[in-house]
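Step one of this worksheet: look at the structure below.
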Amino acid sequence: MFSIEGCESMKVRLPIEWNRPALTSLGVRLDTSPEAFGMLRDSTQVRDDAAELKRRMTDDGYLMIRGLLDPVAVCDARLRVVDSLASRGLLDPAFAPAERVAVPGVRVSKFGFEGEDRRFGEVRQLVRSARAMNFFDDFLASPARAFDYIWMRLMAPGQASAPHCDVVYMGRGTHNFFTAWIPLTKVSLADGPLMVLEGSHLIERLRTEYANMDVDKDGNWRRLKYRHGWIFRGGDYSRNPRRTSGEFGLRWLTAEFEPGDVVIFTPYTLHGSLDNHSRRFRISLDARYQRAIEPIDERWIGEQPIGHSRAE
């Protein structure tokens, strides 16, 4: 196992401003005017105030908390994943593996996604660490449970995630679950960070129409025409983030991130990502948490979760 710079000491970054360069998602240039684009609200200073965090989640549909997870544990998880990328020949051998420079044109998958599938023990330990579980125990005011399935996002240069809500993929249990987007690397704007559509969790039409879909009953088995002129399978709301923002008159929000930072959001919050314009893999993971006493989606639990492959 090789070492990666900065594992011993990682500073938590405060939100930054930028000169609003040309930013794209799915190849679409975004409107970065203040009316259409902005920074995620920082909730780090109130991380121990459960009542205020719940109020912000209700109002904003997300929480961004800097340094919530142990950066050393994040580093351990990153080491394991980068080692896997290198062993699979996905990293350019002209560079040190720590730099995560992708072989030109390489993809882990079409969407930069793969399941953790119990290959990365350090990733699983991070998701179920005391810091993570204690936070969700307090936030949910009840013992929390993490989904057994962990979603890895290994975004190669040129890749991005389309706007979508998580409930269409995992809505067969309680809808009172939350996604934790956890970057395992530093993420600059050039690396294609997460974007959240401000206030989208409050749009009733989304809840009663698009977000009422189950992709294994609807999206994966027949063609669906979503908004903005694209016809495709799956649970994406759109393939045009700029038109999505304009449709609702809401801003896309993002930030730059350090290892240990986390963004948590509701299953009804529309989110996606900027394009990865770097030469590096952007490595992050999605974990889901809910109250242990509430019903859970059977597709994402157990030693070998069935996922979408055998779901009906």
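FYI, it's all coordinate maths here, none of it is from the lab. All values reported here derive from a predicted model rather than from experimental measurement. FYI the Cβ positions are ideal-geometry reconstructions off the backbone, even for glycines, and counts take in every protein chain you see.
What's the extension gain from residue 45 to residue 186 if we count 0.36 nm per residue and subtract their Cα-Cα distance?
Values: separation 141, 0.36 × 141 = 50.76 nm, distance 2.09 nm.
So the extension gain works out to 48.7 nm.
Check the chain and count each lysine pair with an alpha-carbon distance under 27 angstrom, considering only pairs eight or more places apart or from different chains.
Details: 11/54; 11/186; 110/186; 110/217; 110/225; 217/225.
Count of close lysine pairs: 6.
Helix-derived [θ] at 222 nm for the chain: sum -39500 (n - 2.57) over DSSP H runs of at least 4, divide by residue count, nearest 500?
Numbers: 6 runs with 59 residues, N = 312.
So the calculated ellipticity at 222 nm is -5500 deg cm²/dmol.
Quick check on region 91-141: take the gyration tensor over C-alpha atoms, sort the square-rooted eigenvalues as a ≥ b ≥ c, and tell me if it's rounded (a/c under 1.5), prolate or oblate. Walk me through the numbers on the way to the answer.
Values: a/c = 3.15, a/b = 2.36, b/c = 1.33.
Note, shape of region 91-141 comes out prolate.
Only Cα pairs within less than 10 Å get springs; with that Gaussian network setup on the chain, which residue of 182, 293, 283 has the largest fluctuation?
The residue that fluctuates most here is 293.
Looking only at 205, 80, 47, which one moves most when the chain is put into a Gaussian network model with springs between Cα atoms under 10 Å?
Largest GNM mean-square fluctuation: 205.
Counting only residues 5 or more places away or on other chains, whose amide H sits under 5 Å from the amide H of residue 195 once H atoms are built in the peptide plane?
Distant-sequence amide H within range of residue 195: 272, 273, 274.
Along the charge dipole of region 109-165, pointing to its positive end and built from +1/-1 on Cβ of Lys, Arg, Asp and Glu, which listed residue (121, 157, 139) has its Cα farthest out?
Farthest towards the positive pole: 157.
With the Cα gyration tensor of region 121-176 giving a ≥ b ≥ c as the square roots of its eigenvalues, does the rule (a/c under 1.5 for rounded; else a/b larger than b/c for prolate; else oblate) give rounded, prolate or oblate?
oblate
Starting from the 7 Å offset along Cα-to-Cβ, what nm value, one decimal, do you get for the label separation of residue 22 and residue 94?
With each label point 7 Å from Cα toward Cβ, the separation is 2.5 nm.
Let's test the formula: R0 of 35 Å, r as the Cβ-Cβ distance of residue 106 and residue 304. What FRET efficiency results, to the nearest 0.05? The partial results should precede the final answer.
Details: r = 28 Å, r/R0 = 0.79.
For residue 106 and residue 304, the calculated efficiency is 0.80.
Enter the Cα centre distance for the pair region 249-311 and region 48-101, rounded to the nearest angstrom.
Result: 11 Å between the Cα centres.
So what is the orientation-averaged projected area of the chain, using the convex hull of its C-alpha atoms, in nm²?
Working: hull surface 61.1 nm².
Result: a mean projected hull area of 15.3 nm².
Rank the residues 84, 200 as a footprinting-exposure proxy: fewest other Cβ atoms within 10 Å of their Cβ go first.
So the residues, fewest neighbours to most, are 84, 200.
Taking 0.36 nm per residue of sequence separation and subtracting the Cα-Cα distance, how much length would be gained by fully extending the chain between residue 58 and residue 142, in nm to one decimal?
On the way: separation 84, 0.36 × 84 = 30.24 nm, distance 1.79 nm.
Net length gain for the segment: 28.5 nm.
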